[in-house]
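Report on the structure given below.
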């Protein structure tokens, strides 16, 4: 299957809950949440509390489950590192829905791939594929790619190029966050997005900034002081 066919195979897109451009009006004071003290001064606001992410994901995965062909095995593919937390949430819900629909349960397995596209506060043009050398088992399967965030769309398009080589039956992309950014010049839209966000630097819920902030339980907005403090140029080698 060609990559263009994978990108066009799903005509119905779920853009998710839209966080408005004036996101400050729907965000939360950091003092209202238990946050690591070593990070707190670098966070502007809490934008998506963990409970909201979990509740939204439950409905997203239900819709995803009903879109699948029950007769074709599924492989859920995690994009590491940032996707691991959301991947676990998605798979937990998939397993629950599969059990609830017995004997029409869907057979599904899990696999992992790693891509590198981020350094500092902007997405690089070059996307390096770290994994994906042994994905022959994806042939003929329904593949569910789980991402933490879709930003420029470069990362996911690079992954589509990799997946197309293995001739999957279909590929559906699930992301926790889909960023509305002019840098997404291709116009790529994920198949299932939990939340659509404007341009700000999101961290937490396994989203990192140069490997920091993954351990936050909520999705937060990094402030300018945090962007400078944890910039690659200011970190120890």
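The values are calculated or read from the model by the stated rules, or taken from the named source; none is laboratory data. Bear in mind that the values here come from a model prediction, so they are computed numbers and not experimental data. FYI the Cβ positions are ideal-geometry reconstructions off the backbone, even for glycines, and counts take in every protein chain you see.
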Checklist entry - Tell me, which residue of the range 213-237 that is in contact with a helix residue (DSSP H, G or I) (Cβ under 8 Å, 6 or more places away or on another chain) and without any contact (Cβ under 8 Å) to a residue 40 or more places away in the chain is farthest from residue 42 (Cα to Cα)? => result 234
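When you look at residue 156, is it out of contact with any helix residue (DSSP H, G or I) (no Cβ under 6 Å at 6 or more places or on another chain), over 24 Å from residue 45 (Cβ atoms), surrounded by 15 or more Cβ atoms within 10 Å (Cβ to Cβ) and modelled with pLDDT under 90, yes or no?
Yes: the conditions hold for residue 156.
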Checklist entry - Mind checking whether some residue in the range 32-54 is touching a helix residue (DSSP H, G or I) at 6+ places or on another chain (Cβ under 8 Å) and closer than 30 Å to residue 107 by Cα? => result yes
Item to check | Test: residue 167 is within 29 Å of residue 137 (Cβ to Cβ) and in a loop (DSSP other than H, G, I, E, B) | outcome: yes
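If you scan the range 194-237, which residues turn out to be more than 28 Å from residue 93 (Cα to Cα), in contact with a strand residue (DSSP E or B) (Cβ under 8 Å, 6 or more places away or on another chain) and not in a loop (DSSP other than H, G, I, E, B)?
222, 226, 227, 232
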